[in-house]
Amino acid sequence: MRIPAWAEDELVLAGALVVRNGWRELRTHSPEVQELSELLRSLPLHKAEELALPGFRSPDSVSRKTSDFSTNHSLYGGKGTRCGKPTRLMIQAFTEREAEMLQAAEALKEAIATGELHLIPPQPGEVDEAGMSAIEGRLLARRALARERDPKLRALKIKHVRSQGGPLQCETCAFDFARTYGELGDGYIEVHHVTPLYVSGARETRLDDLACLCANCHRMCHRNRPGESWRTPASLRELMRKPPQPAAH
């Protein structure tokens, strides 16, 4: 059995370490590398037999990964180390939106430190059909999806929308389950966090943090593509307004 490739969550934490070090690599015996090595081995991402492999996320491997980040950044003047596409995409993400990615790293560290992420089982949709997760990682998506599926929160959001007197419909495409399916669809809608939880912080979810979406739009908001974050309902609406691109042959 080979040591598994670095997951996005692990790359987020390693990237944040390098960014805070001025985009310079860190050596094996650095206290920060030692600490990150221990943290990575605690993430609820890999199987027990993978965690037991010699060298799994060892300080040496963490130091090498910081070298990948440092030497493949545009500011580096020498020859970069060989690294895979996920690492290059993470470098791009930290370069283009450093503050947001650092927030994601802090949210991940806090959720691990409190033990919260160890209590949440894997959620449908945290990875796509190809096994990919959002650029911020699957564990933050796991936490968000678990909260979105909280029946009490969903019921409160639906009650609030209905109290406003408007129809219970998708906020992106205006699909109305009751209008299409009659009594069967009455009262049905899905809820979605408008802002990723690592941006909004660990505060209690407010009803304004949630949007009502049909199943299709909800899936598209969470659908993962290499190097991308999840989409807000507003950004998905803008995407839908764009003319369709001709299919590649």
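The values are calculated or read from the model by the stated rules, or taken from the named source; none is laboratory data. None of the values given here were measured: they were computed from a predicted structure. Reconstructed Cβ throughout: ideal geometry from the backbone, glycine too, with neighbour counts over all protein chains shown. We work out accessible area using only protein heavy atoms, side chains counted, and drop any ligands, DNA or RNA first. Shrake-Rupley method; radii C 1.70, N 1.55, O 1.52, S 1.80 Å.
Observations
- Take region 1-122 with all the other protein chains still there, run a 1.4 Å probe, and you get 54 Å² of accessible area per residue.
- Mean separation of Cα contacts under 8 Å (6+ apart) over length of region 1-117, as relative contact order %: 32 percent
- The chain: relative contact order in percent, alpha carbon pairs under 8 Å with at least 6 residues between: 18 percent
- Computed [θ] at 222 nm, helices only, for the chain once each DSSP H run of length n ≥ 4 contributes -39500 (n - 2.57): -14000 deg cm²/dmol
- Shape of region 39-107, Cα gyration tensor, a/c cut at 1.5: oblate
- Around the Cα centre of the chain, unit charges on the Cβ atoms of Lys, Arg, Asp and Glu (plus for the first two, minus for the last two) sum to a dipole of about 380 debye.
- Lysine pair count for the chain [Cα-Cα under 26 Å; pairs on different chains or 8 or more apart]: 7
- Distant-in-sequence amide H partners of Ser229 (H built 1.01 Å from N, under 5 Å): Ile135
- 0 to 90° range, to nearest 10: angle between helix 8-20 axis and the chain longest Cα axis: 60 degrees
- Estimated dipole of region 66-184 in Debye, rounded to 20 [Cβ of Lys and Arg +1, of Asp and Glu -1, Cα centre]: 120 debye
- Based on Cα contacts under 8 Å between residues 6+ apart, region 138-195 shows a relative contact order of 30 percent.
- D_trans [Stokes-Einstein, Kirkwood Rh over alpha-carbon pairs] for region 132-236, 10 °C, 1.306 mPa s, µm² s⁻¹: 111 µm²/s
- The spacing between region 11-66 and region 210-243, judged by their C-alpha centroids, is 32 Å.
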